[in-house]
Amino acid sequence: GIEILLIQRERYGTEWCLPKGKLNNNESISEAAIREIYEETGCTVELLRFIDADIYSTKDNIKCVFYWLCQVTDEGNFVASEEVKEIAWMTPQQAIYKLTYKGQRDLVRETVGDVNRLEKVKERVSYWYSRYIDTKRWKRLDSSIASYRNELDCRYDRNPKYESCQNA
């Protein structure tokens, strides 16, 4: 199933949050995401798709954080630091309960909801087709569902609601 990696920070008191960070000079948003995830967790990731952006104000600034759905390609070795005290892999439900910030809880809830809807369709189709269809035809249908998932991800990425974030 889906697992979400949370980090524990103590900069402003104990907080559990998603990995995030700041851009370096001449670095793209996606490059920064990959670098920050590695620096904070030790994990090497592949960005699968942009999810959303969170904009909030701090005492001194307004910040914009871009979130990505990632696939871990190497878990690496986590080393606790002054910035990140601990990491924890959690189910989406555990993460929603543990995350300190409402915006991040909502982000996880919405993202997992999109993925779970596709999985539920696949489960329903699997049940009925496995009863009435041979293995060869089922494998073809299963690969079609994977293709539809990719197509839906592309359509989701082209949603006008997210265009301003994609062009940043």
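The values are calculated or read from the model by the stated rules, or taken from the named source; none is laboratory data. Computed from a prediction, not measured in an experiment: that's the story for all the values here. Here the Cβ is made from the backbone with ideal geometry for all residues, glycine too, and neighbour counts use every protein chain on show. Only protein heavy atoms, including side chains, enter the accessible area calculation; ligands, DNA and RNA are left aside. Shrake-Rupley method; radii C 1.70, N 1.55, O 1.52, S 1.80 Å.
Couple of notes before you dig in:
- For region 37-60, the tally of residues that are of a type in the set (Gly, Ala, Ser) and open to solvent by 20 Å² or more (accessible area, probe 1.4 Å) stands at 2.
- Test: residue in region 73-81 that is among the hydrophobic types (A, V, I, L, M, F, W, C) and under 17 Å from the mean Cα position of the chain (by Cα): no
- Check on Ile34, closer than 22 Å to Pro92 by Cα and surrounded by 15 or more Cβ atoms within 10 Å (Cβ to Cβ): yes
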